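Notes follow once the structure below has been shown.
The values are calculated or read from the model by the stated rules, or taken from the named source; none is laboratory data. These numbers come from a predicted model, not from an experiment. All Cβ positions, even for glycine, are placed from backbone atoms using ideal geometry, and neighbour counts span all protein chains on display. Please note that ligands, DNA and RNA were not included when accessible areas were found on the heavy atoms of the full protein model with its side chains. Shrake-Rupley method; radii C 1.70, N 1.55, O 1.52, S 1.80 Å.
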Amino acid sequence: MSTPHSAPTKVLAAVAALSLSLGLSACGGSQAATTEEGVSSVSYGGQTILPDLVFRGEDWGEPYSVDIEQIRFSSGSEAFEALLSGEANVSNGGSGRLITIAAQRPEAISLIAKWQYGGSRYSVLTTEDSPIDQPSDLRGKTIAVDNGSGAYTLFLVWLEQNGLSLQDVTVLQTKIGDIGAALQAGSADVGIAWEPTASTLVSKGLAKRLDTLDSAGESPNFLIADKEWAEDNREALVAFLRAAVDVGEEITNDPKSAGQIASDVSAAEGVETDPEVLAEALTYIKMEPQIDEPALDELSSLAQEMVDQKKIEAVPDFAPLVDNSYLEEALEQ
């Protein structure tokens, strides 16, 4: 016999399952840059993000004679570990973990492009019937957020922009798949979620958007290559970037198509998702590959905060880590 809460519970379970599906690891990974004659191979460390779901939905590398094997990881930390160990040739990751590696192992990596970015992909959520309707209402409230994520970093900036600080709220450490459950259970008044979780919860009536974190910063993810591997396998890396550019253009120019691709992949992996919801989620994500000065400035600003928190000793010099030549060649096609 169903209960009044059975439908929301099933939806929340589906949201959590989608988060898990996005993070399932796949076997494989190799240093080999060539498979069959004329076809290059790149091992890519993906993450629990929507663009990587689109990336593995089609053979984007086929037009460029490159076999892209995506190894999926549940966090940027794991993806970077795979890069440094040689399991992956290219990985993507957010600012915080990149800064740590830039401080510790700058000689090992090359920043070759931006991947997803934009604070709009992070939403400040409340329940539909919540009396909270403006940022100042968060004072004294409990916030569900993963405090190891890029969302958390931007949330701190957003709080300051709105005249608040961590002393004004209580942070409840919550994994992304559990944000909706925390809101529905009343253990949190507000949740900070990224896409597609945010759009999924909103579409099901389980949350409403109070705001996004767009004003707080871009929080870019970067594509990072094993520097030595990149130098030895330039043709393969350029082909990989051509495929990645195509993925970004599909997301930007035709989110409906990209959403359908992502939905099909998710269904094949055992989680049914609404392609229209995923298409909506993709509209909150920016995809522009060039690494620009604002992105590097944001890295430096965050790095200074990490120095102040004694997480690293000094702000790394990021400019020497950027190698635009691979992307420039890819864009010449």
Legend entry - Sulfur and carbon atoms: percent of accessible area, the chain [1.4 Å]: 47
Legend entry - Separation of alpha-carbon centers, the stretch 89-106 and the stretch 48-78, rounded to whole Å: 18
Legend entry - Helix-only mean residue ellipticity at 222 nm for the chain, each DSSP H run of n ≥ 4 adding -39500 (n - 2.57), per residue, nearest 500: -13000 deg cm²/dmol
Legend entry - P(r) of the stretch 93-160 over all Cα-Cα pairs, binned every 10 Å from zero, in whole percent: 15, 40, 26, 13, 6, 0
Legend entry - Cα-based convex hull volume of the stretch 191-333 per residue, rounded to whole Å³: 165
Legend entry - Percent of Cα pairs exceeding the 35 Å cut-off, where the set is the chain: 21
Legend entry - Other-chain or far-sequence residues with amide H under 5 Å of ALA113's (modelled H): LEU223
Legend entry - Dimensions (Å) - the stretch 146-188, Cα atoms, principal axes, largest first: 28, 20, 13
Inset, instruction - Could you tell me which of the pairs LYS114/LYS256; LYS141/LYS311; LYS114/LYS141; LYS175/LYS310; LYS141/LYS256; LYS227/LYS256 are separated by over 32 angstrom between their Cα atoms in the structure shown? - result: LYS114/LYS141; LYS141/LYS256; LYS227/LYS256
Inset, instruction - Along each of the three principal axes of the Cα atoms of the stretch 146-262, give the extent in whole Å, ordering the values from largest to smallest. - result: 52, 32, 23
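Using packing as a proxy for protection, rank 307-315, 275-283, 48-56 so that the peptide with the highest average count of other Cβ atoms within 10 Å comes first. Can you show the working numbers first?
Values: 307-315: 12.1, 275-283: 21.6, 48-56: 24.7.
Descending mean neighbour count gives 48-56, 275-283, 307-315.
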Inset, instruction - Give the share of C-alpha pairs in each 10 angstrom bin for the stretch 74-227, from 0 to the last occupied bin, in whole percents, shortest bins first. - result: 11, 39, 29, 17, 5, 0
Legend entry - Local electrostatic count, ASN162, Cβ distance below 11 Å [Lys/Arg +1, Asp/Glu -1]: -3
Inset, instruction - Based on the mean of other Cβ atoms within 10 Å per residue, sort peptides 259-270, 235-246 so the most packed one is first. - result: 235-246, 259-270
Legend entry - Under 12 Å from LYS204, Cα to Cα: aspartates and glutamates that are on another chain or at least 8 residues apart: GLU128, ASP274
Legend entry - Environment charge of PRO63, counting only residues whose C-beta is closer than 11 Å and scoring Lys/Arg +1, Asp/Glu -1: -3
